[in-house]
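Scroll down for the structure; my scribbles are underneath it.
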Amino acid sequence: MKDKNSNLVANRIVKAFLKNEIINPISGKYTKKLTNAQKFRKLCESKIKRPIIGFKAGGTGIPVIKKLKEKEPFYASVYKHNVLENNKSVKINNYTLGIELEVCYYLKKSFFDFKQKISKNNMKKFITHIAPCIEVVGYRQKKKGIKSFGDLCSDFGANIKFILGTRKKFKNNNVKNLKTNISNSKIKQSVNGNTNTVYINPMNSLLFVLKKIQKDKLKHNQDFYVFTGSTVGVVPILDKGIYKGNIEKLGSVKAKIN
């Protein structure tokens, strides 16, 4: 996907991404089919010179996968300037889709030199830490809702900001069937969830991302994060204020929404 028109569209959305601006919606030719959206995302990412801090899994809810008639989730790069420490502020706009609560992993850069096929067993030796995190999701475009995974994928995975909770050393943590909750006490908004809603469980989502990285032959010279997908779905942001997420056995994380 390197024709003249694609490059022009990519330049527009890359500029919006870097300057935190909103543009008119891009053509459906880049968003209706996930395969095209992935190609367009990669084209856009090739134009960005800022450091990548990790990767995210998107569309990890199996009911949503079935509803939108997809076969699997997707993944996208996450840039360092969009990852914040606990309790930091995030400015939203009319095209912010909502807020999510996730499990994230921190992995050794030596993964990128691993020649064997990644599996549930051998991937554990690369994981150093685990943490709860919040993702604020939304578009760089004047559109709302989700008609396809391509909508999200083509717009840099629709990640606005990630807020990291306290990292814990990974000790083969069991993340299956953990209760989760995200809430804004100011307006008495509270949504419960479970880690099992994340593509069976977060470890399975992690494996999915690592397999895609291997398949695409990506290289990275630093340790990196993998954000595994929402345990509570996309929760609408009903008002500004502090949103607190809690994942059983992992801890909590806060984001100030402005």
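Throughout, read-outs are computed from the coordinates displayed, never taken from laboratory work. Remember, predicted model here, so these are calculated numbers, not experimental data. Note that each Cβ is placed from the backbone with ideal geometry, even for glycine, and that neighbours are counted across all protein chains shown.
One residue stands out among those in region 115-132 that are in a loop (DSSP other than H, G, I, E, B) and touching a residue at least 60 places away in the same chain (Cβ under 8 Å): the one that is nearest to T166 (Cα to Cα), which is K120.
Counting only strands (runs of 3 or more DSSP E) wholly contained in region 133-238, the ones carrying 3 or more residues that are of a type in the set (S, T, Y) occupy 224-230. Please tell me if A16 is in contact (Cβ under 8 Å) with a residue 60 or more places away in the chain, assigned to a helix (DSSP H, G or I) and under 20 Å from Y95 (Cα atoms). Spelling it out, A16 is indeed in contact (Cβ under 8 Å) with a residue 60 or more places away in the chain, assigned to a helix (DSSP H, G or I) and under 20 Å from Y95 (Cα atoms).
Condition check ((1) of a type in the set (A, V, I, L, M); (2) crowded, with 16+ Cβ neighbours inside 10 Å; (3) farther than 19 Å from G61 by Cβ) across all residues:
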site	(1), (2), (3)
R167	no, yes, yes
F170	no, yes, yes
D216	no, no, yes
F227	no, yes, no
V232	yes, yes, no
I237	yes, yes, no
K244	no, yes, yes
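What residue, among those in region 83-107 that are of a type in the set (F, W, Y) and under 22 Å from I52 (Cα atoms), is surrounded by the most Cβ atoms within 10 Å (Cβ to Cβ)? Walk me through it before giving the result.
Of all residues in region 83-107, those of a type in the set (F, W, Y) come to 95, 105-106.
From what is left, the residues that are under 22 Å from I52 (Cα atoms) are 105-106.
Working: Y105: 27, Y106: 20.
My answer is Y105.
The C-beta contact set for region 215-244 (first residue more than 24 Å from N93 (Cα to Cα), second residue acidic (D, E) and surrounded by 17 or more Cβ atoms within 10 Å (Cβ to Cβ), distance under 8 angstrom, 6+ apart or interchain) comprises T228/E102.
Mind listing whichever residues of region 122-140 are out of contact with any Leu (no Cβ under 9 Å at 6 or more places or on another chain) and crowded, with 21+ Cβ neighbours inside 10 Å? Correct list: R140 only.
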